[in-house]
């Protein structure tokens, strides 16, 4: 029961962070340096030793669904990408078993570039998909990944603070 409560709290905190992101992007309009605030939450859940696989995947699904609602994208687009990102980060965290701020930043940068590319690839097949040139797309992906990596340690720490259960290894 503790795990379900922790997941609900994380989704509520992610909801508040997504509200903050929408205000941040409207007021400052930092394009192309607009970070994904939700992805580090998903990566933190994936690499936390106390989060079970199904619980983390369902939480990533909920955060991705909220992200779709906030951005006005077709429902399921970010939901799919966030769940794929969760499983990818879980696999990398399991295989590499590194911890620390540098790992969090590098993981967030690399996976944000890869997932952003996947997102743009999927958007290309949706009606009214965004068509960008290669240079513009690369600049947007790398700038967004850089901004996300800078914020990642703060958001990883926020997940550990909100859900102390995530720091304990499962028994």
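Each value in this text was obtained by applying a stated rule to the coordinates, not by laboratory testing. Because the structure is predicted, anything quoted here is derived from the model rather than measured. No Cβ is skipped: glycine too gets one built from the backbone with ideal geometry, and neighbour counts run over all protein chains shown.
Brief remarks follow.
- Helix 53-71 axis versus longest C-alpha principal axis of the chain: approximately 30°, rounded to the nearest ten.
- Calculated FRET value between residue 133 and residue 16, using beta carbons and R₀ = 45 Å, to 0.05: 0.80
- Axis of helix 2-28 versus longest Cα principal axis of the chain: the two differ by about 30°, to the nearest ten degrees.
- Evaluated on segment 2-166, the Kirkwood hydrodynamic radius is 15.8 Å, with distances taken between all distinct Cα atoms.
- The protection proxy used here, the mean number of other Cβ atoms lying within 10 Å of each residue, ranks peptides 95-106, 4-15, 38-49, 55-66 as follows, highest first: 38-49, 55-66, 4-15, 95-106.
- Taking the longest Cα principal axis of the chain as reference, the axis of helix 77-96 is set at about 50 degrees.
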